[in-house]
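Enquirer: Pasting in a structure now, in structure tokens, and then I'll have a few things to ask.
The values are calculated or read from the model by the stated rules, or taken from the named source; none is laboratory data. Values in this document were obtained by computation on a predicted structure and should not be read as measured data. So basically every Cβ, Gly included, is an ideal-geometry build from the backbone, and we count neighbours across all protein chains shown.
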Amino acid sequence: MKNKSLFQINTMNKSHVLFLLFALVFFGACKKDEEELETPPEVNEEELITTLLLELSDGTDTFNASFRDLDGPGGDDPVIVSDLELNENTQYTATIQVLNEADGEFEDITLEVEEEGDEHLFCFGFEGISDIDVAYADSDGIYGIGIESNWSTATSGSGNVTITLKHQPGVKDGTCDPGDTDIEVSFPISVN
């Protein structure tokens, strides 16, 4: 009988050991799942845009505007240069380039905007001048992007054009409302 009780005790100890091992594995797995849930998702880090260049051409004359803020927001004032003195009743082809020129770098962010065209949209707003129509000349397959566009002038006037690059991952709908603003620049413009 002594052997039988010793066998029963060994079986009971084995059961307890197996139960403890199972519990440790189970609770350890739950802890790991909790840790994975607490890890924030990867964020697509935005590129630094220090420079926006705009060029308009009617095939004969070319007009340029540039914005440069090499030390970024909060430092020195940006340098804005504009010779946008367009002609009445004229069609222009517009091209935008955005760059990172901070710390002596030269990175053409326009390439990323084009590659991620379904997440980006250039928007054009006019203040004080209303007789300029803008049509997108490039597309992500559904909506315009605005790296290239066609501008049509009508009557004379002067004011400002505001160019905004919107970042719209998952919410792009062809309007300027959704998303975050990557850069927004205003240039003086006149039509004579």
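Enquirer: Can you work out which of the residues in the stretch 153-171 that are β-branched (Val, Ile, Thr) and in a strand (DSSP E or B) is surrounded by the fewest Cβ atoms within 10 Å (Cβ to Cβ)?
Expert: THR162
Enquirer: With the condition being charged (D, E, K, R), I'd like the strands (runs of 3 or more DSSP E) fully within the stretch 50-152 carrying at least 1 qualifying residues.
Expert: Per the criteria, 51-57, 62-68, 120-127, 132-136.
Enquirer: Would you be able to say whether some residue in the stretch 103-115 is under 22 Å from THR181 (Cβ atoms) and touching an Asp or Glu at 6+ places or on another chain (Cβ under 7 Å)?
Expert: Yes; the residues of the stretch 103-115 include at least one that is under 22 Å from THR181 (Cβ atoms) and touching an Asp or Glu at 6+ places or on another chain (Cβ under 7 Å).
Enquirer: Just to be sure before I move on: is SER130 surrounded by 14 or more Cβ atoms within 10 Å (Cβ to Cβ) and either among the hydroxyl-bearing types (Ser, Thr, Tyr) or out of contact with any strand residue (DSSP E or B) (no Cβ under 8 Å at 6 or more places or on another chain) (or both) in the structure I sent?
Expert: So SER130 fails the test.
Enquirer: Answer yes or no: is there a residue in the stretch 172-186 that is at pLDDT 95 or above, closer than 18 Å to GLU114 by Cβ, polar (S, T, N, Q) and surrounded by 15 or more Cβ atoms within 10 Å (Cβ to Cβ).
Expert: no
Enquirer: Do you know which residues across the stretch 65-93 are exposed (fewer than 15 other Cβ atoms within 10 Å of the Cβ), within 24 Å of GLU107 (Cβ to Cβ) and not charged (D, E, K, R)?
Expert: Answer for the stretch 65-93, where residues must be exposed (fewer than 15 other Cβ atoms within 10 Å of the Cβ), within 24 Å of GLU107 (Cβ to Cβ) and not charged (D, E, K, R): GLY72, PRO73, GLY74, GLY75, VAL79, VAL81.
Enquirer: Give the residue, chosen from ILE109, ILE96, that is crowded, with 17+ Cβ neighbours inside 10 Å, modelled with pLDDT of 95 or more and touching a helix residue (DSSP H, G or I) at 6+ places or on another chain (Cβ under 9 Å).
Expert: It is ILE96.
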